[in-house]
Structures are given as C-alpha cells and as structure tokens.
Amino acid sequence: MALSSIVPLAGISCDYPLNYALGFQDPASNFMYAIVDLHDRIIFFLIILLVIVAWTLISSLLNSDHMALLNHNNTIELIWTITPAGILWAIGLPSLNLLYLMDEVLDAEITVKAIGNQWYWSYEYTDYEAPIAFDSFMIDEASLEIGDQRQLEVDNSLVLPVNTSIRILVSSNDVIHSFAIPSLALKVDALPGRLNSLGLIINRPGQFYGQCSELCGANHGFMPISLKAVTIPSYINFLEANVEA
Ligand code: CUA
C-alpha cells in the first residue's frame, strides 16, 4: 500500500474513500467545513473528558483514599451531574444551529433534479429552454481504467459549476434511495412521489463521489453518484455540448 493512500499528499484533495483512512473526506462546501470543524472541536473535549474519567476511575480503584473521597460525596455528585448536562448543551446548540442552516435553500441560480431509479440515477437540468436529461450508470469493474475508483465511477457524471448557488431536487421513480456526497455534506432521501430540496455551493473544482445511502434492493451498492464540479465557462461548454446532442 502506497503511503499516499494513508496520508494524502499536501495540496492534493481527498475526494474519495481511502484505505485505512480515519477522518472525513476533504470538504468542498462551506457546510462540510463547518461539520468537520464541529466534529474536531467535540473530539478535542471528548479526549480531555476521556482522560479525566479514566484517571478518576483507575485511581479510585487502585487507591482506597480516592475511593473514599468519591463515595457518598454530594459535591462531587453534583459536579458530575451538572457538568455533563452543560456539555450536552455545548454540543447540541451548535449542531442544531448547523442543521437548520443546512436546511435553508437560498435563492438558487441553477436547479437540477436527481432522481433515483433501481439501480441508477437520472439527472435533469430544467432551467433551460431545451432541458437536459441523462441517466448515470456505474461503470463495471471490467471496464475501469487506471486511476478510476472502483464502484464509484459512472458513465455520465452530474456536472455543476463552482461558486454558484445550486438547488438540487431529489426524488425517486420506484423505491426509497438516498442521494449522498460526503465531501459536499449532502445526504437526502429520494422518496417516490415527493420532492426534497437541498442547497449547495461548491467551493472548488473536482470530482466528487457518493453512494446511494438507503438500502434499495439488490444493486443498492452499485448506483454511485459522481459529481464533477467545474468552472463556469466549462459548465457552459457542457450545456452547449449536451443541447446539441
Ligand atoms: Cu438506491 Cu440504495
């Protein structure tokens, strides 16, 4: 296994899962930055707590004086009841704040539809006079080329511009699927007969991957989502190429 598959090289973003990786994929939207930030803050305090609790537990087991100090000690019991409640507030408030912020769909400049099917995704660009619509199937293992991501590569990626306010409408034609891209902090259920909407601003160009995240049948694991984030001129080229076709 190459070192670069454990430690992403500086300057190269990690937009797909790596072997033995522990953290998140690199963020490509503000919400994902905020989520990673919140996670890191919580983990920081969690480690401090872990050390304090482990030290208290072990030292009281090994030392009978410490044990006697903890036994039937009202002050200490008061502290270890109120402190965790405060910690829960400190974790809960910023996460609720983030959750409601993410639910907000701002004035979108582009609207695309992502529709789940057993077992592939269809995308529709309905803003334009000649709407663009295509299906996106996974490329099977035998047809992969070097550098491709197994079970993540598709024949037609969803193409979207960077630094643009995008609304994604998610629905399904058959059963419940889920449209998810980790590095963009996207995850929303695709429900038949219902339209769910998501707001998205992509921060940097790149190829982002996700997978259907709701158990939807035999090929649930084989309907990946691939999103290509491009600059505005490239996006216009993409539109022109697809309108002509
Ligand atoms: Cu579609 Cu799981």
Exercise. Within the stretch 197-226, track down each residue that is within 16 Å of the ligand (Cβ to nearest atom) and buried (at least 16 other Cβ atoms within 10 Å of the Cβ).
Key: TYR209, GLY210, GLN211, CYS212, SER213, GLU214, CYS216, HIS220, MET223, PRO224, ILE225, SER226
Self-check item: Within the stretch 195-245, tally of residues that are more than 20 Å from VAL154 (Cβ to Cβ) and in a strand (DSSP E or B)
Solution: 3
Quiz item: Somewhere in the stretch 113-129, is a residue away from the ligand (no atom under 16 Å from the Cβ), among the aliphatic types (A, V, I, L, M) and either in contact (Cβ under 8 Å) with a residue 12 or more places away in the chain or surrounded by 13 or more Cβ atoms within 10 Å (Cβ to Cβ) (or both)?
Solution: no
Quiz item: Do we find a residue being in contact (Cβ under 8 Å) with a residue 24 or more places away in the chain, hydrophobic (A, V, I, L, M, F, W, C), touching a Phe, Trp or Tyr at 6+ places or on another chain (Cβ under 8 Å) and over 30 Å from GLY193 (Cβ atoms) anywhere in the stretch 76-89?
Solution: yes
Quiz prompt | Meets criteria (of a type in the set (A, V, I, L, M) and touching a residue at least 12 places away in the same chain (Cβ under 8 Å)) for LEU46 | solution = no
Quiz item: Pairs under 7 Å by beta carbon, first residue on the phi > 0 side of the Ramachandran plot in the stretch 6-30, partner surrounded by fewer than 17 Cβ atoms within 10 Å (Cβ to Cβ) and modelled with pLDDT under 70, six or more apart or different chains?
Solution: TYR20/ILE6
Quiz item: of a type in the set (A, V, I, L, M, F, W, C), assigned by TED's automatic domain parsing to the domain that holds LEU215, touching a helix residue (DSSP H, G or I) at 6+ places or on another chain (Cβ under 9 Å) and exposed (fewer than 13 other Cβ atoms within 10 Å of the Cβ) - does that describe any residue in the stretch 67-90?
Solution: no
Quiz item: Out of the stretch 133-149, which residues are among the aliphatic types (A, V, I, L, M), assigned to a loop (DSSP other than H, G, I, E, B) and surrounded by 10 or more Cβ atoms within 10 Å (Cβ to Cβ)?
Solution: ILE139, LEU144
Quiz item: Do we have any residue at all in the stretch 22-44 that's modelled with pLDDT under 90 and among the aliphatic types (A, V, I, L, M)?
Solution: yes
Quiz item: Does the stretch 158-166 include one or more residues that are within 16 Å of the ligand (Cβ to nearest atom), modelled with pLDDT of 90 or more, closer than 15 Å to ILE115 by Cα and in contact with a strand residue (DSSP E or B) (Cβ under 6 Å, 6 or more places away or on another chain)?
Solution: yes
Quiz prompt | Count - residues of the stretch 135-158 that are among the acidic types (Asp, Glu) and in contact (Cβ under 8 Å) with a residue 60 or more places away in the chain | solution = 1
Quiz item: Within the group VAL162, VAL175, which residue is in contact (Cβ under 8 Å) with a residue 12 or more places away in the chain, under 19 Å from the mean Cα position of the chain (by Cα) and either in the same structural domain as LYS113 (by TED's automatic domain parsing) or surrounded by fewer than 19 Cβ atoms within 10 Å (Cβ to Cβ) (or both)?
Solution: VAL162
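The values are calculated or read from the model by the stated rules, or taken from the named source; none is laboratory data. Bear in mind that the values here come from a model prediction, so they are computed numbers and not experimental data. Positions of Cβ are generated from backbone atoms using ideal geometry, with glycine treated the same way; all protein chains shown enter the neighbour counts.
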